[in-house]
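Notes for the one structure printed next.
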Amino acid sequence: MRRLKKISLFSIALSLVLALGGYFAISAKAMERGAYLVPITVSYVHPATGQTVDGGTNIELGQSMCESITSGNVLVESTGETNYVTMTIGLLSNISSTKIMLANGTEYQEADLVLTGGGELNGDSANYYRFEMKDLTNLISPVLYVDPMGREVQFFVALKPEEATAGTGEYLSEMLVEPEPEEVAEIEAIEEVPEVPEVPEITKETKSVREPEEIKAKGSLSVIPLMAIIGLVLVGIIFFVVKRKKQ
């Protein structure tokens, strides 16, 4: 009975671990929209097999060289549906070609690279390469032709999206573009333009208020012909009365 109880408790614990593992894997694939600095782990050997894939035999020397080629983090820009990773590749004075392969199951596909800028890393020049990466849990495998060695060197990079922090660091984000100073000045000038007051609409009421003097003047002029008519009528009556008395 105790043995069955222990087995059931173990099953529950294992289910919880698997569920949490699935949750973190999903959250790593679909980050919220924004730009993040994500730490990386660099390995000269394949993390699963512990073997090199470029034929190198001095693993310790290869590991040191690979770590000096890349910085400690990458820029991840997420749209909410897909991700864009910007990675530093240094030691350019010794490297004549750069490819970045992305794991897709057991296969690797070459990514389309966009050069977004450059800088300095470990006393040598470096380039910043941007590429699309839908699943951040997959491995990244840079393939570089190292001139002094006369061959390609291939190694592996694993991202740690669970340790991501918001920001861009030394990288230039294609999604979070800061406005130019001239654009900021134009925006501020537009915001400071005073509002033009509305012109009140002229209605019948306002028109009658504005024209009282005109109406009064017109009324006074209409009295003059009326008085003239009354005067003529009175003269006629007086003339008629006087004539009749003479008769």
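The values are calculated or read from the model by the stated rules, or taken from the named source; none is laboratory data. Please read all numbers here as calculations on a predicted model, not as lab measurements. Please note: Cβ atoms are built from the backbone with ideal geometry, for glycine as well, and neighbour counts cover all protein chains shown. Calculation scope for accessible area: heavy atoms of the full protein, side chains included, ligands and nucleic acids excluded. Shrake-Rupley method; radii C 1.70, N 1.55, O 1.52, S 1.80 Å.
Quick notes
- Some residue of region 59-71 being surrounded by 15 or more Cβ atoms within 10 Å (Cβ to Cβ) and in a strand (DSSP E or B): no
- Looking across region 152-177, the residues that are open to solvent by 70 Å² or more (accessible area, probe 1.4 Å) and not polar (S, T, N, Q) come down to GLU152, GLU162, GLU163, ALA166, GLU170, LEU172, GLU174, LEU176, VAL177.
- Verdict on VAL114 being among the aliphatic types (A, V, I, L, M), open to solvent by 40 Å² or more (accessible area, probe 1.4 Å) and in contact (Cβ under 8 Å) with a residue 12 or more places away in the chain: yes
- When GLY80 is tested against (1) modelled with pLDDT of 95 or more; (2) under 19 Å from ARG33 (Cα atoms), just one condition goes unmet, and that condition is (1).
- PRO148 vs. criteria more than 23 Å from LEU37 (Cα to Cα) and either modelled with pLDDT of 90 or more or in a strand (DSSP E or B) (or both): yes
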